[in-house]
Amino acid sequence: MRKSGLVLWLTVGLILLSLSAYGATRQHLATSGQPVDGGEPVPFQLAKRAATYFAEGLSVQGELGPVYTYYGVDGEPSVYVFVFSLNQTSFPKETEILKKVALGWEVYQQKRMIGDGEGINLAKKMITGQGDFLTVVVSARSELGPVVEYFYGLPLHYSAREKALKIAVDEIGEQKTGLSRVIFCSPFDIWFEFVSGDQRSYVSPLLFTPGKAEKVFLAYPMKMTEAQKEKIKSDWEEIENGEGFDLSLDQFRITGVPDFDWSYGCSPTAGADVLGYWNAHGYDLLIDYYFDRWDPLEYEWDYNVPNVQQQLSWAMNTDSSTGGTYLSDMGPGIRMVCNHPDYENNYGFEDYTDYDQSLGYLINEIRLGYPAVWNVFSHPYYGNHSICAMGWGPPDTTYICIHDTWSSTPEEMLVNWHGWSNDRYTVAVRPGSASVYSYDNIHATNASMNITNYGAIGDETNLDFVWNGTDQLFDGTLILAWVVPGDTMIAMDMFTTHVKDSWYPYNALTIVDTTFGEFGKTAFIDTIGLGLVVEQYSVGSSDPAYGDFILQQYVIKNTADTAMQAYVSLSMDWDIFDAYNNDSKGDSVHNLAWHWCPSQIANRRYKFGALRVPSDDTPVIGYEAVSHQYFIYPQEGWRDDQLWQLITKGSWQDDSSGYDISLLLTPGIITLEPDSVHLESFIIFGVDTTQHLIGPEWWKPMLRFCGFYRGDVNEDGEIDGADVVFLIDYLFKNGDQPDPSVEQGDVNDDQVVNVADVVSLIDYLFKGGPCPIDHNLFLPQPWKSKFVRPSLFTNLNWQ
């Protein structure tokens with residue numbers, strides 16, 4: 001595979017800034033740097049209001065200290081840096097802060113030399129002011145923001161000034177050297193400008209290395225997406241309208257992730273953070289020892305470097321002269337260190353690089369408990385940066401909590417996904433015990449179907465849906481299409497060799513034998529970022545009376561903190577005997593559609609399709625017999641905008657073209673509030689219409705098997721006095737039990753079949769009592785009790 005052009009170098013960046021050394025002065029600096037479109041300037045008072053609201057939302061009541069302005073490469077203000085004192089009634093003097101920081105650096109070096117981990121952590125807290133201050137960085141440009149990043153600690157003009165000054169003095173050769181300004185391109189691309197007379201020196205306060213002026217003042221152009229622009233505009237409008245930040249909504253941390261110091265390169269360091277976490281959680285061969293080394297890039301000793309950090313630099317092919325790593329080498333390098341016998345680990349880790357730059361993918365990895373290597377574009381010359389992402393919020397999932405690999409910053413930094421404009425890529429890392437993409441075959445007496453733990457039905461194995469010995473299904477998938485922004489937000493897995501980029505396994509796939517047949521369960525999660533978890537339950541019956549179909553049930557859960565609307569669809573590419581000569585029929589009254597082969601007279605009687613189980617009385621809004629000639633062949637799969645149009649069409653369209661077609665059944669649009677759930681169930685079937693016409697005599701037994709028509713214990717398709725007699729015989733005269741399950745006799749829904757059910761059935765039939773309650777028989781609790789409905793006998797369409 002061709003290497004990606006993205007290289008993660010030793011430094012960082014994306015947004016630029018400069019600082020006025022004292023107070024809130026906002027000066028215009030003439031530079032020869034290339035202008036960067038940063039949007040309209042934000043009035044200082046509005047920025048201050050944003051910082052104050054944000055601090056109040058975090059329940060910080062501390063004193064606000066001097067406000068510093070950091071500048072962009074164009075000389076205009078880039079961000080305002082607001083610092084709040086947490087532990088004092090008044091903000092400490094700058095000299096007091098710098099004195100404590102300097103002492104922290106001395107202790108830091110001492111503790112590193114002796115490998116005192118606890119002492120190192122305490123020294124870093126002294127350097128960064130962690131726990132004593134809150135820093136809120138607010139954009140000075142309306143195109144970004146409002147809050148670009150925040151953290152509990154001191155900003156760099158406190159924590160890194162003195163150490164960076166020594167580097168500048170060595171370079172300039174003058175003792176009378178002072179910090180002139182801070183240049184800020186992003187949370188990952190920051191430079192100090194030191195001045196002595198007419199001499200200038202540029203030093204990275206993150207990596208503590210000098211830079212060249214003609215290179216420092218380069219910057220990537222702003223490239224905001226429309227979604228980012230709308231989000232940013234809305235956030236600024238809320239601040240202008242006097243609305244504060246509600247920061248109690250959503251936050252999460254993977255605890256126990258180490259924050260190793262930069263060595264060999266940012267990518268090996270971020271990877272070591274991730275593997276250091278797994279080393280402490282059941283994979284203790286990943287780190288064998290710690291050692292000291294001279295760092296030729298930082299020009300200082302690195303102490304207590306975990307050996308896995310060195311191994312990752314080898315496996316990732318990190319450039320030893322620059323610390324740079326190709327993005328395409330990161331995942332394979334991590335996997336090699338974890339799995340290859342040469343490294344004596346043999347754990348079976350997996351990796352995946354998200355080139356789609358999806359916030360949702362990163363958040364879902366973290367939500368599932370997997371810290372990730374997050375890679376950001378930062379500087380055109382000095383390179384890009386890898387960091388370890390291990391949490392989010394508050395206020396929400398747009399604020400990513402990171403370990404940034406540097407010693408001059410607090411352990412946790414929170415950066416706004418909308419706080420800069422350039423590319424960012426996630427390298428996911430999962431241990432050997434994590435759920436992996438898998439599929440298996442679930443059997444009924446006359447049918448079997450491949451089910452997966454990533455949304456697909458079938459996986460091109462020639463066993464996708466086998467009915468009486470022949471496979472008539474090529475491919476299929478569950479589809480969820482988000483209402484906003486529509487066709488760009490579609491989760492599915494179908495065609496193009498199953499790219500597995502919309503759903504990610506949440507649980508392993510298991511299939512077990514039961515008294516009624518086989519039962520499969522799994523779960524998967526969307527990679528779009530709305531926190532949607534889908535629990536999947538599949539059933540195949542060992543009873544020949546119910547052996548021509550597979551029941552597929554999806555419990556869709558919204559785990560995010562905002563409401564979500566989506567269209568739910570099922571797509572199945574049936575290839576009935578002759579794939580290029582299929583026809584279709586839909587029945588909108590009974591929410592089902594089927595395909596058959598019209599060119600083979602002997603096989604016309606065989607129909608294959610799907611029925612949406614009537615767990616409620618909502619009608620299916622649309623069915624489309626999709627012509628592959630127009631919608632699939634041109635690009636060897638679905639095109640999102642065309643699929644969106646078909647899903648939202650809201651009509652039933654059969655096909656008689658006698659060509660290659662797919663079934664697209666859309667139950668409708670669902671709205672899920674936070675923590676709410678929705679059920680969609682489908683019967684995937686094959687039927688010989690010379691044996692069973694598609695009608696009540698055919699669908700009633702299938703739906704009775706699923707838990708409907710409760711009270712019809714004698715299976716005659718009616719609920720009447722004969723069922724009362726049958727139930728009495730079963731309870732008191734050793735008569736036959738209700739079929740297909742004893743629960744068919746639990747008329748009063750008290751989880752027990754007894755004389756009370758006889759009374760309830762009599763009351764319903766002869767005294768106007770409540771009707772029986774139908775359950776989805778094969779759902780586990782609590783869903784079995786949640787997704788109930790009045791008996792299907794009360795719906796005339798299903799008689």
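Miscellaneous remarks
- Looking at Trp638, Trp644, just one residue is part of a helix (DSSP H, G or I), of a type in the set (Phe, Trp, Tyr) and over 30 Å from Val788 (Cβ atoms), and that residue is Trp644.
- Qualifying residues in region 744-778 (those that are touching a strand residue (DSSP E or B) at 6+ places or on another chain (Cβ under 6 Å) and closer than 22 Å to His678 by Cα) - the one modelled with the lowest pLDDT: Asp749
- Meets criteria (over 46 Å from the mean Cα position of the chain (by Cα), surrounded by 15 or more Cβ atoms within 10 Å (Cβ to Cβ), modelled with pLDDT of 90 or more and not β-branched (Val, Ile, Thr)) for Leu703: no
- Listed conditions (1) free of Cβ contacts under 8 Å to residues at least 24 places away in the same chain; (2) closer than 21 Å to Arg789 by Cα are all met by Pro696, apart from (1).
- Filtered by the rule that a residue be of a type in the set (Val, Ile, Thr), within 19 Å of Phe778 (Cα to Cα) and assigned to a helix (DSSP H, G or I), region 718-768 gives a lone residue, Val742.
- Qualifying positions in region 279-330 - hydroxyl-bearing (Ser, Thr, Tyr) and at pLDDT below 90: Tyr299, Tyr303, Ser320, Ser321, Thr322, Ser328
- Among the residues of region 594-613, not a single one is among the polar types (S, T, N, Q) and in contact with a Pro (Cβ under 9 Å, 6 or more places away or on another chain).
- Hits in region 648-685 - residues which are over 36 Å from the mean Cα position of the chain (by Cα) and crowded, with 19+ Cβ neighbours inside 10 Å: Asp655
- Candidate set: region 366-381, residues that are outside any loop (DSSP other than H, G, I, E, B) and modelled with pLDDT of 90 or more; chosen: the one nearest to Gln251 (Cα to Cα): Ile366
- Hits in region 320-350 - residues which are under 26 Å from Pro210 (Cβ atoms), surrounded by 18 or more Cβ atoms within 10 Å (Cβ to Cβ) and over 27 Å from the mean Cα position of the chain (by Cα): Gly323, Gly324
- Condition check for Glu715: assigned to a loop (DSSP other than H, G, I, E, B) and within 30 Å of Leu570 (Cβ to Cβ): yes
- A single member of Ala579, Ala560, Ala566 is part of a loop (DSSP other than H, G, I, E, B) and in contact with a Leu (Cβ under 8 Å, 6 or more places away or on another chain), and it is Ala560.
- Members of region 268-290 that are more than 16 Å from Tyr303 (Cβ to Cβ), touching a strand residue (DSSP E or B) at 6+ places or on another chain (Cβ under 9 Å) and in a loop (DSSP other than H, G, I, E, B): Leu286, Asp288
The values are calculated or read from the model by the stated rules, or taken from the named source; none is laboratory data. All of these numbers come straight from a predicted model, not from anything done at the bench. No Cβ is skipped: glycine too gets one built from the backbone with ideal geometry, and neighbour counts run over all protein chains shown.
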